[in-house]
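What follows is a set of notes on a single structure, which appears directly below.
The values are calculated or read from the model by the stated rules, or taken from the named source; none is laboratory data. Remember, it's a predicted structure, so these values are computed and weren't measured experimentally. All Cβ positions, glycine included, derive from the backbone under ideal geometry; neighbour counts span all protein chains shown. Areas reflect the complete protein model, heavy atoms only, side chains present, ligands, DNA and RNA absent. Shrake-Rupley method; radii C 1.70, N 1.55, O 1.52, S 1.80 Å.
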Amino acid sequence: MDAAEFRKRGKEMVDYVADYLEKIEKRQVFPDVEPGYLRPLIADCAPQDPESFDKVFKDIEKIIMPGVTHWHSPYFFAYFPAASSFPALLADMLCGGIGCVGFSWAASPACTELETVMLDWLGKMVNLPEEFLAGKDGQGGGVIQGSASEATLIALLAARTKTIRRVQSEKPELTETEIMGRLVAYASDQAHSSVERAALIGAVKIKNVPSDDTFSVCGSALKKVLDEDKAAGLIPFFFCATLGTTPCCSFDKLLELGPICNKENIWMHIDAAYAGSAFICPEFRHLLNGVEFADSFNFNPHKWLLVNFDCSAMWVKKRSDIIGAFKLEPLYLQHHHQESGLVTDYRHWQIPLGRRFRSLKLWFVLRIYGVKGLQEHIRKHIRLSHQFEHLVLQDERFEICAEVVLGLVCFRLKGSNELNEALLKSINDAKKIHLVPCHLREKFVLRFAICSRTVESTHIKFAWQHISQLATDLLKTWEQNHHQQ
């Protein structure tokens, strides 16, 4: 393919993507395929001779689309949103076109410098304390990670290194292995599984701190676990606070937890993967109060801020804590500006060496939507979640299971877990809308997340009528079966 054909095919692909997104609600949100559907549809091995673009293009609808779950459909209410917008897609094209691998400043100065400035822009949008910003000569700063899971792992590994060094200086008789064996990380029993996974990769113990009746961790619960562990000779070193938990979007009590972590020399990382985008709205910024006690903070613009995957924003108060844990300087990666103090080499802030020019997506989206446009997007989603909540509350067969703060509604039929499992199965088998469940304590609960950029009030009404009708049908057969038994 030469440049002339690329121009032609590129225009065709842009048209195809625009048509796909414009007409997405006509597609069934969840696919009708069984595992292994794709292998028989394509050849056993790669072609020896080149094939035409037309042939490849025809196979998109024939082979790929039948197996796609349409995350951007206005009938997709599962997981949390995956952001997407036309400006972000255009920036991704440019990123692919430039094709640099920005592991150091010298490897592509614009790639590094735009990221530093964009994370300062974003930090100011959520009103982060000054010390998290790079500015011209700050100690902190931001970085784009691939996901919140990576941000948590990076924070945990940096905390581990920092603690080992501190304990070794206080107790030189302890070996690194002995210290490692005593380290303990903590997170809410509602925290995302990626926090536990980070501890698994970091080879340290992790303990769940019990959440209260609002599914939040409070200071007294953390203190109790810490006191027990310290008495047993363990070394608490890391706490991951969650703002907007995955099951029900609950918020750990930062203002109680932060001072405890600071006093006990525990690194506090805040995972606000989904909820963090809402903090650009002044009326939701109070949910971030207490961030001043944290060592690191992360949220995902690729969930709810119209920047498509992957773009996970992470800030640290002291970038030397991160760099100190991961810095290696082989000759082939060195460059003569690196000691100037003006330069960030992001390879020291992350797990892989290579990195894409992801800040272009932020730059395009923040400029083309403006802060006001992004605030309106967030507020619209939150209005729609309250609309759905209101519809649920009007039907006495149902209950709301957690406070609706942002764009997630947790609800269920009053009754057994089996009944609600059957309801969810009938919803997802019908494939008109898509939902996923969670467990809240012992209850099986349905999660309704406002996801699509194009979702409107009409889609919410449709979804509720559909759920309500399926519930009516289910309860009939359920009662009949019950009487027969």
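Of the set (1) assigned to a helix (DSSP H, G or I); (2) in contact (Cβ under 8 Å) with a residue 24 or more places away in the chain, all apply to ARG383 but (2). For region 163-177, taking the residues that are of a type outside the set (A, V, I, L, M, F, W, C) and closer than 17 Å to LYS205 by Cβ, the one that is surrounded by the most Cβ atoms within 10 Å (Cβ to Cβ) is identified as THR163.
Here VAL405, VAL365 are screened, and the one residue that is under 27 Å from ASP189 (Cβ atoms) and of a type in the set (A, V, I, L, M) is VAL405.
When region 73-85 is filtered for residues that are open to solvent by 30 Å² or more (accessible area, probe 1.4 Å) and modelled with pLDDT of 95 or more, only TYR75 remains. Please tell me if ALA158 is of a type in the set (Gly, Ala, Ser), assigned to a helix (DSSP H, G or I), closer than 22 Å to TRP349 by Cα and under 19 Å from the mean Cα position of the chain (by Cα). Spelling it out, it is not the case that ALA158 is of a type in the set (Gly, Ala, Ser), assigned to a helix (DSSP H, G or I), closer than 22 Å to TRP349 by Cα and under 19 Å from the mean Cα position of the chain (by Cα). Based on what the data block shows, is ALA110 assigned to a helix (DSSP H, G or I), out of contact with any helix residue (DSSP H, G or I) (no Cβ under 7 Å at 6 or more places or on another chain) and not assigned by the TED database to the domain that holds GLU12? Taking the combined requirement at face value, the residue satisfies it. The residues on offer are LYS223, LYS263, and the sole one that is open to solvent by 10 Å² or more (accessible area, probe 1.4 Å), closer than 22 Å to VAL316 by Cβ and at pLDDT 95 or above is LYS263. Condition first: closer than 30 Å to ALA430 by Cα, in a helix (DSSP H, G or I) and open to solvent by 70 Å² or more (accessible area, probe 1.4 Å). Can you find one or more residues in region 28-35 that meet it? Within region 28-35 (the criterion being closer than 30 Å to ALA430 by Cα, in a helix (DSSP H, G or I) and open to solvent by 70 Å² or more (accessible area, probe 1.4 Å)), the answer is no, since none of the residues qualifies. If you go through region 63-107 and pick out every residue that is closer than 30 Å to ASP429 by Cα, of a type in the set (A, V, I, L, M, F, W, C) and not in a loop (DSSP other than H, G, I, E, B), you end up with 4.
One residue stands out in region 268-288 among those that are part of a helix (DSSP H, G or I) and closer than 15 Å to LEU122 by Cβ: the one that is most open to solvent (accessible area, probe 1.4 Å), namely ARG285.
So is LYS230 assigned by the TED database to the domain that holds THR163, open to solvent by 60 Å² or more (accessible area, probe 1.4 Å), under 22 Å from GLU176 (Cβ atoms) and in contact with a Phe, Trp or Tyr (Cβ under 7 Å, 6 or more places away or on another chain) or not? For LYS230, the condition - assigned by the TED database to the domain that holds THR163, open to solvent by 60 Å² or more (accessible area, probe 1.4 Å), under 22 Å from GLU176 (Cβ atoms) and in contact with a Phe, Trp or Tyr (Cβ under 7 Å, 6 or more places away or on another chain) - is not met.
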